[in-house]
1. Which residues, taken from the range 77-93, are in a loop (DSSP other than H, G, I, E, B) and surrounded by 21 or more Cβ atoms within 10 Å (Cβ to Cβ)?
2. I want to confirm something. Restricting to the range 36-57 and keeping residues that are modelled with pLDDT under 95 and in contact with a strand residue (DSSP E or B) (Cβ under 7 Å, 6 or more places away or on another chain), which single residue is farthest from the ligand (Cβ to nearest atom)?
3. Exactly one condition in (1) within 16 Å of the ligand (Cβ to nearest atom); (2) modelled with pLDDT under 95 is not met by residue 190; state its number.
4. How many residues does the range 1-33 hold that are away from the ligand (no atom under 16 Å from the Cβ), within 15 Å of the chain's Cα centre (by Cα) and farther than 14 Å from residue 62 by Cα?
5. Taking the condition assigned to a helix (DSSP H, G or I) and either within 16 Å of the ligand (Cβ to nearest atom) or modelled with pLDDT under 95 (or both), does residue 96 pass?
6. Could you list, in sequence order, all residues of the range 159-172 that are within 24 Å of residue 39 (Cβ to Cβ), modelled with pLDDT of 95 or more and away from the ligand (no atom under 16 Å from the Cβ)?
7. Could you tell me whether residue 91 is touching a strand residue (DSSP E or B) at 6+ places or on another chain (Cβ under 9 Å), away from the ligand (no atom under 16 Å from the Cβ) and modelled with pLDDT of 95 or more?
8. Within the range 148-158, is even one residue modelled with pLDDT of 95 or more and within 16 Å of the ligand (Cβ to nearest atom)?
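The values are calculated or read from the model by the stated rules, or taken from the named source; none is laboratory data. Everything numeric in this text was worked out from a predicted model, so none of it was measured. Here the Cβ positions follow ideal geometry from the backbone for every residue, glycine too, while neighbour counts run over all protein chains shown.
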Ligand SMILES: Nc1ncnc2c1ncn2[C@@H]1O[C@H](COP(=O)(O)OP(=O)(O)OP(=O)(O)O)[C@@H](O)[C@H]1O
């Protein structure tokens, strides 16, 4: 079954068209990274696919996204924005917000367990009682990912989740996304770091000016593509069987 399907997806902000008729299908178990220059429409696409922006032409598990109740959709999709906003709540309570679609008035044992497990996965249990506006940028980023995992979705969408993270934490987040998809779920990430994407993901969707210009496995990565999409010259080498893009 397709986890996500977009047909002729269009989106405009105040009359300015940003998505210009995209077609995209993403299956269960897929790990997809969306790449492209600043302003290409990547975040807008992710927001449309997650239901944050109302767009026609998006199906989630073969049902139009608009036909889902809010909590029903939240059990299927979690979305990690580019910036997780800090506040006056503890890390634990912030991650617990991910359980909102499941919770009654009080968190159940199951809810608390899901929060503990997400904090552990991100290695931030020691921050559980810290107020989020006292965290570093990277710590806050991890809280956002933990909240998304606590939501126990079937599709994990993350917008530049490795920004602000040190190299070890970047690898951890990418491993989490890969493990999530290897369990039969779907990971869709917007990223700028092509080489990090190449190291972990299986499918690469390149956008430019609101359109998809390449979509596939490592075979779509050619110097010509980087010239066309970013206007830069690159050489593509290989290290341990993984392509590495080197700007010239
Ligand atoms: N809320 C908004 N109102 C008006 N225009 C917007 C809004 N959000 C984004 N845009 C415009 O839509 C276009 C696409 O933005 P989007 O954030 O989707 O790009 P992106 O590919 O994610 O960029 P980046 O890599 O810089 O994050 C840009 O020209 C941007 O200025």
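1. 84
2. By that ranking, first place goes to 57.
3. (2)
4. Number satisfying all stated conditions: 3.
5. In short, no.
6. 170, the sole residue that qualifies.
7. Judged against the criteria, residue 91 is a match.
8. So far as the range 148-158 goes, yes, one or more of its residues are modelled with pLDDT of 95 or more and within 16 Å of the ligand (Cβ to nearest atom).
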